[in-house]
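Working notes, structure below.
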Amino acid sequence: MEFHKIKSLRGEIMVPGDKSISHRAIMLGSLAEGTTEVTNFLQGADCLSTIDCFRKLGIEIENDGKTIRIHGKGLDGLKEPSAILDAGNSGTTTRLISGILAAQNFETTLTGDESIQKRPMKRIIDPLSMMGADIQSIKGNGCAPLKIKGAPLHAIDYVSPVASAQVKSAVLLAGLYADGKTSVTEPYVSRNHTELMLKFFGGEVSTEGTTATVSPRPKLEARKVIVPGDISSAAYFIAAGLLVPDSEILIKNVGINPTRDGIIKVCRQMGANISLENIDHSGSEVTADILVRTSELEGTVIEGEIIPTLIDEIPIIAILACFANGRTVIRDAAELKVKESNRIDVMVKNLSLMNAKIAGTDDGMIIDGGHPLTGTVIDSNLDHRIAMSFAIAGLLSEGTTKITGSECVNISYPDFYKDLDSLMCR
Ligand code: S3P
């Protein structure tokens, strides 16, 4: 895919359903009793991997391309799969399903693509082993493929060294099967979709500070889940609307859960003209329409507890920083190194090729904005968030920006290029 400078972006857009919430709807729908209906489900490759895994575990899941119907069989309704479970590129599938498999009375092998087989799984192997499960990294490198032998689980109070919703959720899901209340304490609060959805399905969850606690053996009941638009997908249009001259974009029905809205806070901190309209608190997740207009931005410092609330948006924030006045410093974001690609290295390498003034650090990056970018060939490293970030950079750069492996947007946003094109005024 190739991108060139454009005059402006104008119009209205609906981004697809939230990836994190779509995964959880399949998982909790499978563990609930009765038929759960999911609308605005994200039909991206990652969430389809979750559907595939639960089908292999004996759950009937209908997908007509719009609505999903999950015929849940209750907490004890999963059956031993006859094949290896394949999570594809999805860290959320791999880590969350491990929490559920840790409690089953059968053994499962779980794997994924090349990227997944390099991502750290020790972070879930450790707490799930403490609960009594037998989980082995088959290659002995702490990564998938994993062999998971379920067992009756003990409740634990786990203090996680990382602020990771995937780790927290794996332990809380295992906690549904434990012999008492299970809690997870994190250094900072990570996204809380598992907690909210568990409550919505009838589970008992409490939170205090950075600790979330789940009670065992709830009776989960089928629900109708309406998935809000994904703020992580909206982030590309927020950035594009702010940076491309003479632009105005309305992004409808986006989830603005406070554990996910760091991108909005940071943009405002940088001086962005963003307004939230039609804020709706009626469901378990808050939604709003986001209106962005071209704005003059200033560099900023991003660190500490805000990091988990914008962790997936840091690649596009790095693009914003290139066009802001002055310096932007991102710290406390070492987790970027273990995402679908090493996002510190990949951003520094690609932005340097475009002539940006950027330096990588151990836990983030430093960007001096205000230096024009030049188009070149960008290797997406098959990381969807890298491909989408550089598509936006391409709209602001001199010459041609060519992205290799650009089809990887299928992971979280299959229609991304089409939706972007629909806003372009040439
Ligand atoms: C996710 C949590 C985050 C995020 C990922 C989705 C989730 O990962 O980066 O894209 O759905 O729980 P970590 O929890 O590992 O930080």
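The values are calculated or read from the model by the stated rules, or taken from the named source; none is laboratory data. If you're wondering where the values come from, they're calculated on a predicted model, not measured in any experiment. Please note: Cβ atoms are built from the backbone with ideal geometry, for glycine as well, and neighbour counts cover all protein chains shown. Side chains included, ligands, DNA and RNA excluded: accessible areas come from the protein's heavy atoms. Shrake-Rupley method; radii C 1.70, N 1.55, O 1.52, S 1.80 Å.
Look at where the Cα atoms of the stretch 227-284 and of the stretch 131-200 average out, and the two centres are 30 Å apart. With the charge dipole of the chain set up from +1 on Lys and Arg Cβ and -1 on Asp and Glu Cβ about the Cα centre, the Cα lying farthest toward the positive end among the listed residues I378, V244, I314 is that of I378. Any idea what angle helix 343-353 forms with the longest principal axis of the chain, computed on alpha-carbon atoms, 0 to 90 degrees, nearest 10? Result, in degrees: 20. How many nm separate the modelled label positions at H371 and R10, each set 7 Å beyond the Cα in the direction of the Cβ? The two pseudo-label positions are separated by 3.5 nm.
The alpha-carbon of K5 sits under 21 angstrom from the alpha-carbons of these lysines, leaving out residues fewer than 8 places away in its chain: K357, K402, K418. Here the simple spin-label model places points 7 Å from the Cα toward Cβ, and for D362 and K265 these points are separated by 2.5 nm. Estimated from helices alone, the mean residue ellipticity of the chain at 222 nm is -8500 deg cm²/dmol (sum of -39500 (n - 2.57) over DSSP H runs with n ≥ 4, per residue).
Here the label points at K122 and R331, each 7 Å from Cα along the C-beta direction, are separated by 2.6 nm in the simple model.
Shown in residue order for the stretch 233-239 are the 3J(HN,Hα) couplings computed by the Karplus curve 6.51 cos²θ - 1.76 cosθ + 1.60 at θ = phi - 60°: 7, 4, 4, 5, 7, 4, 5 Hz (x for Gly and Pro). Taking each residue as 0.36 nm, the span from D64 to E80 lengthens on full extension beyond its C-alpha to C-alpha distance by 3.2 nm. Can you send over the carbon and sulfur percentage of the accessible area for the stretch 268-426, probe radius 1.4 Å, protein chains only? Carbon-and-sulfur percentage of accessible area, whole number: 48.
What does a probe at N355 reach in the stretch 216-248, counting residues whose amide N is under 19 Å from the point 7 Å along Cα→Cβ? Residues 244-245 qualify, since their backbone N sits under 19 Å from the label point.
Looking at the stretch 19-213, the accessible area is 35 square angstrom per residue; that uses a 1.4 Å probe and ignores ligands, DNA and RNA.
Once the C-beta distance of T39 and D280 is scaled by a Förster radius of 25 Å, the resulting FRET efficiency is 0.95 to the nearest 0.05. List the lysines whose Cα lies under 17 Å from the Cα of K181, skipping any in the same chain that are fewer than 8 positions away. List returned: K168, K199, K219. Sites counted here are GluC sites (Glu not before Pro) in a DSSP loop (not H, G, I, E or B) having no more than 15 other Cβ atoms within 10 Å; the longest part of the chain that contains none of them is 304-426. Placing +1 on the Cβ of every Lys and Arg and -1 on the Cβ of every Asp and Glu, with nothing else charged, gives the chain a dipole about its Cα centre of roughly 360 debye. Coupling constants for the stretch 105-120 follow from the phi torsions by the Karplus curve (6.51 cos²θ - 1.76 cosθ + 1.60, θ = phi - 60°), and in residue order they are 8, 8, 9, 10, 10, 10, 9, x, 6, 4, 5, 4, 6, 10, 8, x Hz; glycine and proline get x. Straight-line reach from K139: taking Cα to Cα under 24 Å and skipping same-chain neighbours fewer than 8 places apart, the lysines in range are K56, K118, K122, K147, K149, K337, K339.
Seen from T328, the other residues with C-beta closer than 15 Å to its C-beta sum to a net charge of -2, counting Lys and Arg as +1 and Asp and Glu as -1. Using C-alpha pairs below 8 Å separated by at least 6 residues, the relative contact order for the stretch 266-319 is 32 percent. In a reduced charge model with +1 at each Lys and Arg Cβ and -1 at each Asp and Glu Cβ, the stretch 30-140 shows a dipole moment near 320 debye about its Cα centre. Computed from backbone phi with θ = phi - 60° and the Karplus coefficients 6.51, -1.76 and 1.60, the 3J(HN,Hα) list for the stretch 191-206 is 3, 10, 5, 5, 4, 4, 6, 4, 4, 4, 7, x, x, 10, 9, 10 Hz; x is used for glycine and proline.
Solvent-accessible area assigned to carbon and sulfur over the stretch 19-213 amounts to 49 percent, based on a 1.4 Å probe.
If you average the sequence gap of Cα pairs under 8 Å that are 6 or more apart and divide by the length of the chain, what percent do you get for the contact order? With pairs under 8 Å counted, the relative contact order is 18 percent. Of the trypsin sites (Lys or Arg not before Pro) found in the stretch 108-184, the ones in coil according to DSSP and having at most 16 other Cβ atoms within 10 Å of their Cβ are K139, K181. Here r is the Cβ-Cβ distance between D179 and K199 and R0 is 22 Å; the resulting FRET efficiency, rounded to 0.05, is 0.55. Counting only DSSP beta bridges with both residues in the chain, the antiparallel share comes to about 70 percent.
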